[in-house]
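The values are calculated or read from the model by the stated rules, or taken from the named source; none is laboratory data. A quick note: this is a predicted structure, and the numbers were derived from the prediction, not measured. Note: ideal-geometry Cβ built from the backbone for every residue, glycine included; neighbour counts use all protein chains shown. Note: accessible area is taken over every heavy atom of the protein model, side chains too, but ligands, DNA and RNA are not part of it. Shrake-Rupley method; radii C 1.70, N 1.55, O 1.52, S 1.80 Å.
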Amino acid sequence: MTDLQKFKTFYQLFRDVSRVVHAKSDIDEVLDLVVSRIVQGIGASGGALCVMDNSLGSLRVRSSYGVSESYLALAPLAGKDLLAWPEPDDGIHIIDDIFNAPRVKFPKEAWDEGVRMMVDVPLKVQDQIFGFTRIYFSEKREFSEDELDFAWAVNEQTSCAINHDEEIKSHILQYNQLASKADRMSSLGRMAAGIAHEINNPLTGILLYSSNLSKKADPGPFKEGLEIIMHETQRCKKIIQGLLDFSREKKPQKIQANINKVIEKSLALMDNELFIRRIKVVRDFDYDIKSFSLDPDQLEQVLVNLLFNAVHAVEEKGLITIRSKNSEDGKSIVVEVEDNGCGIHKDNLKKIFEPFYTTRSSGTGLGLSVSYGIIRNHQGRIKILSEPGVGTLITLNLPVLEEENHLR
Ligand SMILES: Nc1ncnc2c1ncn2[C@@H]1O[C@H](COP(=O)(O)OP(=O)(O)OP(=O)(O)O)[C@@H](O)[C@H]1O
Ligand SMILES: [Mg+2]
């Protein structure tokens, strides 16, 4: 098979896996397909996927293919110690000599099964290994970069699927517990997390294949285009991660920072958009503003969301004013984003922080609900004043702790 044919086969198998991850709700069916496709794709003799089962306190084989029941009955993949990943990193681990590998518990029995070599591919969530796929080979061989990339990408999708399934199960449990409480905001937030998962999976695919193509492409516009795709996809993944973090009530990673710098960075991200639409931005900063403890990435996300909303609300040649100042009592920093756009009708004002509320055809309706969560996690407040046909003023109020007041 030529490199291109192999690449096409991987791509086809990866698409099969992606499709199933999205279409099937039964996680066991998904895992069966994943293991069989990895084995076929990489030309192995068998495979087994095991995941940590906290109720058992050990790993449990969730799916296998091409491995005999009698071998699996020995529980070769049960020990919790197998999660301690071998040095040098937590990437794919190739076991060349099964008789000299502490990770292989029953080497003689494996040899009798016809196994000569094994490869362990970790399953991870947020950099934590919670299981792995072991792939068995009937003869020793070398692996191409494409083969290892393929196994890695399929495992990434699988990790997402398992994690998503577990979250859904725990959410169902929580839904039942919360059934009596009308907790609309947080249940919608969880739905948002579910959708974020669905988006994350295809993004992983786009990233993998654009990076593979880019490695093979000659320098020039085609390669540059692929690099833009990779860069933008990374950005989407970051945003999706932000949404997941929000729904998990991620604590802000606070450092001492100046809010004016965060505003400037957010405006820089919007530069192109503002230029194309010929929108004027007025910066009304208090340059004496105190530094305080904040999460610059999260606040940048809030400001970009607010600026995007303002951009969409104003017609071409609109005006956006962004202000920073100390509050009158000196206990907080105030940031305002004001636009002279279409404004919001008072009946709709109470809905705008609800996840999925949008009046824009291309909007997701998540910008303000994510921003609300971030500001709340900074113990701050977000206030909105709007007049249809006149414009909108959003005010962020972020408390500065007393002992930080002297910091500049
Ligand atoms: N500055 C504004 N001027 C007018 N309407 C606004 C403004 N900001 C928010 N809105 C209204 O609130 C809705 C919800 O805003 P939100 O940012 O949550 O979602 P979105 O902008 O529609 O989608 P996205 O998830 O892409 O941000 C918008 O669809 C719009 O109707
Ligand atoms: Mg928005």
Worksheet item: Hey, L83 hits all of (1) within 26 Å of the chain's Cα centre (by Cα); (2) surrounded by 19 or more Cβ atoms within 10 Å (Cβ to Cβ); (3) closer than 17 Å to I135 by Cα; (4) not hydroxyl-bearing (S, T, Y) but one; which does it fall short on?
Response: (2)
Worksheet item: Can you spot a residue in region 56-71 that is among the polar types (S, T, N, Q) and within 30 Å of A217 (Cβ to Cβ)?
Response: no
Fill in: Hey, K351 open to solvent by 50 Å² or more (accessible area, probe 1.4 Å), among the basic types (K, R), over 27 Å from I240 (Cα atoms) and out of contact with any helix residue (DSSP H, G or I) (no Cβ under 7 Å at 6 or more places or on another chain) or not
no
Worksheet item: Hey, among L398, L299, L368, which residue is within 28 Å of the chain's Cα centre (by Cα), assigned by TED's automatic domain parsing to the domain that holds F275, within 11 Å of ligand 1 (Cβ to nearest atom) and surrounded by 14 or more Cβ atoms within 10 Å (Cβ to Cβ)?
Response: L368
Worksheet item: Would a scan of region 50-64 turn up a residue that is open to solvent by 30 Å² or more (accessible area, probe 1.4 Å), under 30 Å from I195 (Cα atoms), part of a loop (DSSP other than H, G, I, E, B) and of a type in the set (S, T, Y)?
Response: yes
Discussion item. If the requirement is being assigned to a loop (DSSP other than H, G, I, E, B), of a type outside the set (A, V, I, L, M, F, W, C) and closer than 23 Å to F7 by Cα, which of these qualifies: G47, G91, G41?
Written reply: G91
Worksheet item: Only one of D32, D28 is open to solvent by 20 Å² or more (accessible area, probe 1.4 Å) and more than 24 Å from the chain's Cα centre (by Cα); which?
Response: D32
Discussion item. Can you pull out every residue in region 65-80 that is open to solvent by 40 Å² or more (accessible area, probe 1.4 Å) and in contact (Cβ under 8 Å) with a residue 60 or more places away in the chain?
Written reply: G66
Practice prompt. Take R381 and decide whether it is within 15 Å of ligand 1 (Cβ to nearest atom) and either open to solvent by 30 Å² or more (accessible area, probe 1.4 Å) or out of contact with any Cys (no Cβ under 9 Å at 6 or more places or on another chain) (or both).
Written response: no
Practice prompt. Mind listing whichever residues of region 67-81 are in a loop (DSSP other than H, G, I, E, B) and within 9 Å of E113 (Cβ to Cβ)?
Written response: V67, S68
Response to the item:
Picking from K265, K280, the residue that is over 33 Å from the mean Cα position of the chain (by Cα) and either of a type outside the set (D, E) or outside the structural domain of V390 (by TED's automatic domain parsing) (or both) would be K280
Worksheet item: Does I344 fit the bill of being within 16 Å of ligand 2 (Cβ to nearest atom), open to solvent by 10 Å² or more (accessible area, probe 1.4 Å) and in the same structural domain as V262 (by TED's automatic domain parsing)?
Response: yes
Worksheet item: Does L407 satisfy the criteria of being away from ligand 2 (no atom under 14 Å from the Cβ), at pLDDT 95 or above and either of a type in the set (D, E, K, R) or in contact with a Lys or Arg (Cβ under 9 Å, 6 or more places away or on another chain) (or both)?
Response: no
Practice prompt. Could you please let me know if E387 is surrounded by fewer than 17 Cβ atoms within 10 Å (Cβ to Cβ) and away from ligand 1 (no atom under 12 Å from the Cβ)?
Written response: no
